[in-house]
Number of protein chains: 4
Amino acid sequence: MGMIGGGKDAFIGAVHRLAANMDGLIELSAGALSVHPEVAKESGKILFLPDERTYTSYEEMLQKESELPADQKIDFVTIVTPNFAHFAPAMMALEKGFNVVVEKPITLSLDEAKQLKAKVEETGLTLCLTHTYSGYPMVKQAKQMVADGELGAIRKIIVEYPQGWLSRLSEREGNAQAAWRTDPSKTGKSGSMGDIGTHAAHLAEYISGLKITKVCADLNIVVPDRAIDDDGNVLLKFDNGSNGVLIASQIAAGEENALKIKVYGEKGGLEWHQMEPNTLIVKWLDEPAQIFRTGSGYLSAIAKHNTRVPGGHPEGYLEAFANIYRNFALTISAKLNGEEPQPETLDFPTVEDGIRGMAFIENVVDSSKSDQKWHDYKI
Amino acid sequence: MGMIGGGKDAFIGAVHRLAANMDGLIELSAGALSVHPEVAKESGKILFLPDERTYTSYEEMLQKESELPADQKIDFVTIVTPNFAHFAPAMMALEKGFNVVVEKPITLSLDEAKQLKAKVEETGLTLCLTHTYSGYPMVKQAKQMVADGELGAIRKIIVEYPQGWLSRLSEREGNAQAAWRTDPSKTGKSGSMGDIGTHAAHLAEYISGLKITKVCADLNIVVPDRAIDDDGNVLLKFDNGSNGVLIASQIAAGEENALKIKVYGEKGGLEWHQMEPNTLIVKWLDEPAQIFRTGSGYLSAIAKHNTRVPGGHPEGYLEAFANIYRNFALTISAKLNGEEPQPETLDFPTVEDGIRGMAFIENVVDSSKSDQKWHDYKI
Amino acid sequence: MGMIGGGKDAFIGAVHRLAANMDGLIELSAGALSVHPEVAKESGKILFLPDERTYTSYEEMLQKESELPADQKIDFVTIVTPNFAHFAPAMMALEKGFNVVVEKPITLSLDEAKQLKAKVEETGLTLCLTHTYSGYPMVKQAKQMVADGELGAIRKIIVEYPQGWLSRLSEREGNAQAAWRTDPSKTGKSGSMGDIGTHAAHLAEYISGLKITKVCADLNIVVPDRAIDDDGNVLLKFDNGSNGVLIASQIAAGEENALKIKVYGEKGGLEWHQMEPNTLIVKWLDEPAQIFRTGSGYLSAIAKHNTRVPGGHPEGYLEAFANIYRNFALTISAKLNGEEPQPETLDFPTVEDGIRGMAFIENVVDSSKSDQKWHDYKI
Amino acid sequence: MGMIGGGKDAFIGAVHRLAANMDGLIELSAGALSVHPEVAKESGKILFLPDERTYTSYEEMLQKESELPADQKIDFVTIVTPNFAHFAPAMMALEKGFNVVVEKPITLSLDEAKQLKAKVEETGLTLCLTHTYSGYPMVKQAKQMVADGELGAIRKIIVEYPQGWLSRLSEREGNAQAAWRTDPSKTGKSGSMGDIGTHAAHLAEYISGLKITKVCADLNIVVPDRAIDDDGNVLLKFDNGSNGVLIASQIAAGEENALKIKVYGEKGGLEWHQMEPNTLIVKWLDEPAQIFRTGSGYLSAIAKHNTRVPGGHPEGYLEAFANIYRNFALTISAKLNGEEPQPETLDFPTVEDGIRGMAFIENVVDSSKSDQKWHDYKI
């Protein structure tokens, strides 16, 4: 693995490394960890990278690594830069023959995402998008139960993602995370919807197997003087005619990272909270609700495949993240060995999910500007 | 107390009696318990009513009771009939000089509600609307904390009210409750929004002290062949510029009566769940969240006034209901004695809340029919 | 109903009145509300008692009421005095032909309890002991499920009852409740075990249908200068050979009234928390745990009989208390009418439970003083 | 790192590898993964170990590795065999100059543990015992708050550890885990207390800073035909005079791994559940309880040191485990570099904790056999 971005003090780069390390399948071998050469070098040292593979630009890394013998060069790159710096290195990596892991949202625009998709198809390489929350075992279980028809046809989805960390104008108080995430030139067309709304939308579509077809959005700049939306509410219509609500807010004071989803079908409903991720509540019309728990013997095969420890030993965010890395790594390993990847290892977000994420952002932003109630999803 | 409606097998009439009984302040003395004379008579016997005060129509009851000496006649009537049968008896009761308790929604139309308001003002009598959920001690506490500015200016409100009991077409399966509540001629212009959306809207306005000024509504008939909406989502704007979301659904399979509200301000947020009503979670930007509990010494005076037992002894729905009756009873008792009611006893929903409830229904229905996103609240 | 004790400012007397009022079956008609005549009189006025039935001693009340015609006199007395003042009025009431409701613990000693039992048997009257927690619908459900063998043979019971209200030496700070409850001459041989341990023991035996046969107790005076135990832990053996633990503490700082029970059988376990009383968690060996909820259609008949409102409308402590009063009232009403009480109405604690409660106290106190590990239960 | 035990299909060995991998500080370089040579070899291949460092006995590994140059040989061994096979390899490893990580309980007997302690002191090497639960950030927070006196003097500790996985006689049904854990020759003198009771005892002492001085134990064989206790209850006395209860059961049907602890002091109490490990409830006498959450800014330095991701991103069992490995690795790394380890890295269980764990087992077993109530702790 070669990492682009994620130098010392970066948040998400460290998370990627922890997740990639976990299963002993992936080794950090190269890095272009910062646009500042001295930070790049220092970060490489901290991470025990050999000096000759501690690059000072992604272009250098991709070029030099591509020239190494096949058994020495990296198998894939991981791009953990701010949003505006996803597209160029991803495109170059694909062109140089590297598989790619990239943080969401995949690019700054839907158009860029489409270009990446074309390149993925052209090259036959694999691109993985880290919609982490779909990596949790109980999310897998939820998806499987819906797919198996246990809830009947889906009728309604409520997904909310409240955070409180932008309740103040932190971007003016030296918070680097806040600074780029509220700067439209770096984060893209939407703040709250790009950063967390895309996760919520992905989760709703992932679990339900449905696709959003219409939105009615209300994006807000709640904290005065902020440059981009920090809050938004979206009414949804799905392709089977069902309805939904998506709420994403970064000014929900006192909330940590409280992603929750409720899915209702004809026969029952299910509820999952990211902050207590090992519990899935399944509710029935005429019987007691059930508490499904990670690591239990009664779970579906796909949930078990994404679980590492026995029931009652909580799996967390890093394990969900590691599930995405593991499935990706097993997939590219199979392809490198000329084998067909196992179906369960193909269960990670791809460039298609990237396109849907960018479409979500653009459609929601367009809808929010419009006086018309319903906005047809354009992709 | 004289009861109109609420004969044997009725649901809400029994609830009213339990709540009214609780504090020993109110006695059921007369009833026009059913439009079917034999049911009315039988119900009266079951409830130990004297035969001569077991009436077979509300007109008869109001007429006969109004002719009794002041120290013998009922002080107020309670109207627990289906929605379409609220207005006429309420109006007649006021005209005959009786105070009134009436179930929500107050009438079938906003116009009727306005007529009742005019009559209340003309007569100087008291009308109480049983928005039960505002009777819980921790809802009082929440309202007080917002009023005291503890959360700072309010920025966002999310209120959801999912039920699952109309997930099937129960109105065709002999469920009498379902039958009238899904019949527009009996329930009014909206099903889900009239029945439970009004509770959610009242709760949001009650706790926050804000008023809804705009709505963007999506009402749905989810169960095929139903005659009225059984589900709806509404985006909200409040009079201080803040935003919100209101969800009311009766097809949320497996949900009981899961009213929940989250209110976020500049400095903190609060969360309350009706099904665990004695807990109020208050979240802060930089400090641990706090768990406020009914019956605790640190609560506000208004919360304590509405509490009967010590901390850790759960108060339930009937106690919340009884709080509304008790406050109403103490208020009319003071007025009967020529005294000024204590401020804390005036804390019950009135005809003004009835008007706001009807306005909510009508505005939401109008918005739902419109292609325009935002609908200005008309009252 | 005639009340003994429970004058203004008393806690448990008010609770009894609220519970007795609720169903409209019971009316407070007479009272000997305080040993202080002026308090007795003033309390009577507040409660709208006629002056001639506001007595200044229980002897007077029992004598005078016994002389009234059958259709005018009270049907039963409720004794809500401190523990030391239960026995004499209960005995006199039975002798005068009145049924009795009495707070727990039933008397100051096991011997007194046995005398009451003999008198109950002699007179054929009914004595009801208010072990309130057995009145909750989900406790009924738990008992039924165990009785039906759904958990298999019971293997282990853990019941804990932590409170924090005696964490300070409140009896020296003007707290009247604390004063008598920590005074051995008024409360009996044990503080924590008499006051709340008896509830925990009753709940364990009630749900499981088992009887405690051995105890190993460790009672403690944790707050210096207190006159009686305020904390205790007890190892248990039941009559089917299973084991258990009972913890009762009034110095568990920050706890309200956190009675919890877990019962484990061969096939599954169940868990109930008094502070969230409408939920019963049932856990299975190889299937998801289930959440049983008050008011649901799938519950047992006995749970439904003890429920007043539909699912999702929380029932609280007062409703549990009212269940005991209602069952008692229906039982004595049937007996007064010469009918056989319905089996479900006979489900309230009686003098037998009083004897087991006193035995619990005495055996635990004896065990605590002993160096021997296991103490055989003596009754 | 060289691993002893933990071949394919072993449970805890895999957990150790996941935890050791996480931070990129530790690499699996050698292994004696099974006593079956073919399993050892096959397991080494699966784990990408070089063939020449895939040993077929621990003796071989320790001998060969000790002969490698300092910059090539392993820095420490990890012993993840069943209990009976801890002592010999640990002793040999120390003698050969390797630091040691060992699963709990440290040995089969207290005497062996004392021999290991003497060897650790003699060699100056470091031994780490994986009492994982003390690695959770909120356990660190709890310990710090007690140490800072925030709860006042500790008065009572309740720790319970119910599991249900031995509810059947699984050791006769081909469950290898169950087989050795219920075989006294492999697991030691106690089943439930050795396997999970030691965790509970360690947690109680770790958080409170107190030491158990007396026990009164009731160990049970609940499932017929089992060879060792599968359940037990223990009354405790601590060295400051406070009391406690410890419950460990493996026949608590339907429980996963439900370790919970409550600690009460003069001023407040705290409660932590292993299955929701990122929440610490702190209860106060006269103020609302507080919810402390992993990753929050208001936490103590030691909690933050043991946290990897921001608030709201749940940390799980593997992260707690990794905290122990990381602290151990940083400590031995400092010592290898001739530096003083940072105080916060020294926060992992050592041979001293191993001795206390073995003492717990032996004292509890002795107490359980005795008719005397209190048994003085012997070490």
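The values are calculated or read from the model by the stated rules, or taken from the named source; none is laboratory data. Not measured: the values here are computed from a predicted model. Cβ atoms come from the backbone with ideal geometry, glycine included; neighbour counts cover every protein chain shown. Areas reflect the complete protein model, heavy atoms only, side chains present, ligands, DNA and RNA absent. Shrake-Rupley method; radii C 1.70, N 1.55, O 1.52, S 1.80 Å.
Here are some notes:
- Loop sites by DSSP among the trypsin sites (Lys or Arg not before Pro) of chain A, restricted to those with at most 15 other Cβ atoms within 10 angstrom, leave A:1-210 as the longest stretch without any of them.
- Accessible-area value, A:Phe84, 1.4 Å probe, nucleic acids and ligands omitted, Å²: 100
- Normalised by residue count, segment A:189-319 yields a Cα convex hull volume of 142 Å³ per residue.
- Given charges at beta-carbon only (K, R positive; D, E negative), |dipole| of segment A:303-379 in Debye: 120
- Kirkwood-Stokes translational diffusion coefficient of segment B:37-130, alpha-carbon pairs, 25 °C, 0.890 mPa s, µm²/s: 177
- Among the protein heavy atoms of segment B:89-200, carbon and sulfur supply 46% of the accessible surface, probe 1.4 Å, non-protein parts ignored.
- For B:Ala289, distant residues with modelled amide H under 5 Å away: B:Trp284, D:Ile291
- The alpha carbon gyration tensor of segment C:126-169 gives principal lengths a ≥ b ≥ c with a/c of 1.5 or higher and a/b no greater than b/c, which makes the shape oblate.
- Under the convention that each Lys and Arg Cβ holds +1 and each Asp and Glu Cβ holds -1, the size of the dipole of segment A:1-76 around its Cα centre is about 200 debye.
- Amide H contacts under 5 Å for C:Val77, placed H, 5+ residues apart: C:Gly2, C:Asn99, C:Val100, C:Val101
- A dipole drawn for segment B:231-379 from +1 and -1 charges on Cβ atoms has a positive end, and of B:Ala359, B:Asn240, B:Tyr298 the residue lying farthest that way is B:Tyr298.
- C-alpha long axis of helix D:351-369 to longest principal axis of chain D, angle in °: 60
- At 1.567 mPa s and 4 °C, Stokes diffusion of segment B:112-206 via Kirkwood alpha-carbon radius, µm² per second: 79
- Here chain A is described by how far its Cα atoms reach on the three principal axes: 64, 51, 38 Å, from widest to narrowest.
- Global size of segment A:239-379 as Cα Rg and Dmax, reported in angstrom: 18.7, 54
- In this assembly, the D-C interface accounts for approximately 3500 Å² of buried accessible surface in total, computed with a 1.4 Å probe and without ligands, DNA or RNA.
- Its Cα centre serving as origin, chain B has a Cβ charge dipole (Lys and Arg +1, Asp and Glu -1) of approximately 500 debye.
- Cα centroids of segment C:107-153 and segment A:94-116: 70 Å apart.
- For segment C:159-176, backbone phi angles converted through the Karplus equation (6.51, -1.76, 1.60; θ = phi - 60°) give residue-by-residue couplings of 10, 10, 9, x, 10, x, 6, 9, 5, 10, 7, 4, 5, 9, 10, x, 8, 5 Hz, Gly and Pro being listed as x.
- Cβ-based net charge around C:Gln177, under 12 Å, with every Lys or Arg adding one and every Asp or Glu removing one: -3
- Heavy-atom accessible surface of segment C:13-53: percent carbon and sulfur, 1.4 Å: 57
- Evaluated at q = 0.04, 0.05, 0.06 Å⁻¹: base-10 log I(q)/I(0), Debye formula over Cα of the protein assembly as shown: -0.27, -0.43, -0.62
- Shielded residues, segment C:164-198 - accessible-area loss of 20 Å² or more between chain alone and all protein chains, probe 1.4 Å: C:Ser167, C:Arg168
- Seen against the Cα atoms of chain D and their longest principal axis, helix D:37-46 is set at about 80 degrees.
- Subset of C:Lys8/C:Lys114; A:Lys369/B:Lys214; D:Lys114/D:Lys186 violating a 26 Å alpha-carbon distance limit: C:Lys8/C:Lys114
- Protein-only accessible surface at a 1.4 angstrom probe places the residues C:Trp180, C:Trp272, D:Trp165 in the order D:Trp165, C:Trp180, C:Trp272, largest first.
- Rotational relation A to B, axis-closest Cβ in chain A, residue and distance rounded to whole Å: A:Lys373, 2
- Placing a label point 7 Å from Cα along the Cα-to-Cβ axis, B:Asp9 is separated from the same position in the other copies by 5.2, 6.5, 7.5 nm, shortest listed first.
- Interface residues in segment A:8-24 - accessible area drops by 20 Å² or more relative to the isolated chain, probe 1.4 Å: A:Phe11, A:Leu18, A:Asn21, A:Met22, A:Gly24
- Exam field: D:Glu122 pseudo-label spacings to other copies (7 Å along Cα-Cβ), nanometres: 7.0, 8.0, 10.5
- Based on the convex hull around the alpha carbon atoms, segment A:272-319 presents an average projected area of 3.7 nm².
- Of the solvent-accessible surface of segment D:223-296, computed with a 1.4 Å probe over protein heavy atoms with every protein chain present, carbon and sulfur atoms account for 46 percent.
- Averaged over peptide B:254-267, the number of partner chain Cβ atoms lying within 10 Å of each residue's Cβ comes to 6.
- Inter-copy spacing of D:Glu67 label points, which lie 7 Å from Cα along Cα→Cβ, given in nm from shortest upward: 4.4, 11.1, 11.9
- With Cα atoms, 0 to 90° folded angle of helix D:137-147 axis to chain D main axis: 50
- Sequence-separation-based contact order of chain C, relative, with Cα cut under 8 Å and 6+ spacing, percent: 19
- Accessible area per residue in Å² at 1.4 Å probe, computed on chain A: 33
- Largest first, the extents of the alpha carbon coordinates of segment C:228-272 on the three principal axes equal 36, 21, 9 Å.
- B:Lys211 long-range amide H proximity, modeled H, under 5 Å: B:Asp239, B:Asn240
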